[in-house]
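These notes are about the structure you will find just below.
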Ligand SMILES: [Zn+2]
Ligand SMILES: [Zn+2]
C-alpha cells in the first residue's frame with residue numbers, strides 16, 4: 001500500500017520514506033517529527049531530524065500526508081487517505097478526542113465544483129474546553 005502511494009505521487013521509493021510512512025500508518029494518532037525520529041533512531045542510528053523534516057515536507061507537498069498544526073506551534077502528521085482523522089483538542093489540558101467524520105468533505109467537494117481546482121488535501125483542527133476542564 002505504501003509502495004503504491006509513493007508510486008502514485010511520482011516519488012521514488014527510499015528506505016527513509018518507506019520507514020516514515022510505515023511509522024505514521026501504524027500510529028493510531030497523528031505523530032510528531034520528533035516522535036518519528038525517536039522511533040527510527042531506536043532501530044538504527046542512520047538518520048537525523050533534519051532529514052526527517054525534509055522527507056515529511058516532501059510527503060506533505062505530494063499530499064501523501066496531512067500536517068496538523070496545533071495552537072502551541074507543534075506539528076503532527078497523519079496519512080492523507082480516506083481514513084484521515086480530525087481531532088478536537090482541549091486548550092486547557094491538551095487532551096484530544098477523535099471526530100468521527102471529516103467535517104470538510106462536502107465543503108471540499110463544493111469548492112472543487114465551483115473553482116475547478118483539484119483539492120489535494122486539507123488540515124483542520126478544532127480546539128475547545130473538554131468536559132473535565134469545563135467543570136473546574
Ligand atoms: Zn481539558
Ligand atoms: Zn478531512
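Values in this text are rule-based calculations from the coordinates and carry no lab data. All figures in this text were calculated on a predicted structure; none of them were measured in a lab. Using ideal geometry, Cβ is built from the backbone for each residue, glycine included, and neighbour counts are taken over all protein chains shown.
Checking residue 100 against (1) farther than 23 Å from residue 1 by Cα; (2) in contact (Cβ under 8 Å) with a residue 12 or more places away in the chain; (3) exposed (fewer than 14 other Cβ atoms within 10 Å of the Cβ): exactly one of these is not met. Which one?
Among (1) farther than 23 Å from residue 1 by Cα; (2) in contact (Cβ under 8 Å) with a residue 12 or more places away in the chain; (3) exposed (fewer than 14 other Cβ atoms within 10 Å of the Cβ), the lone unmet condition for residue 100 is (2).
In region 41-58, which residues are assigned to a helix (DSSP H, G or I) and either within 10 Å of the chain's Cα centre (by Cα) or surrounded by fewer than 19 Cβ atoms within 10 Å (Cβ to Cβ) (or both)?
Matches in region 41-58: 41, 42, 43, 49, 50, 51, 53, 54, 56, 57, 58.
From the list 11, 59, which one is in contact (Cβ under 8 Å) with a residue 12 or more places away in the chain and closer than 11 Å to residue 79 by Cα?
So the residue among 11, 59 that is in contact (Cβ under 8 Å) with a residue 12 or more places away in the chain and closer than 11 Å to residue 79 by Cα is 59.
Within region 1-20, count every residue that is part of a helix (DSSP H, G or I) and surrounded by 10 or more Cβ atoms within 10 Å (Cβ to Cβ).
12
Go through region 60-72 and count every residue that is more than 16 Å from ligand 1 (Cβ to nearest atom) and touching a strand residue (DSSP E or B) at 6+ places or on another chain (Cβ under 8 Å).
Of the residues in that region, 7 qualify.
Give the residue that is farthest from ligand 1 (Cβ to nearest atom), with candidates limited to residues of region 73-94 that are free of Cβ contacts under 8 Å to residues at least 40 places away in the same chain and in contact with a strand residue (DSSP E or B) (Cβ under 7 Å, 6 or more places away or on another chain).
If we take residues in region 73-94 being free of Cβ contacts under 8 Å to residues at least 40 places away in the same chain and in contact with a strand residue (DSSP E or B) (Cβ under 7 Å, 6 or more places away or on another chain), then 84 is farthest from ligand 1 (Cβ to nearest atom).
Take the residues of region 109-136 that are free of Cβ contacts under 8 Å to residues at least 24 places away in the same chain and surrounded by 13 or more Cβ atoms within 10 Å (Cβ to Cβ): which is farthest from ligand 2 (Cβ to nearest atom)?
If we take residues in region 109-136 being free of Cβ contacts under 8 Å to residues at least 24 places away in the same chain and surrounded by 13 or more Cβ atoms within 10 Å (Cβ to Cβ), then 111 is farthest from ligand 2 (Cβ to nearest atom).
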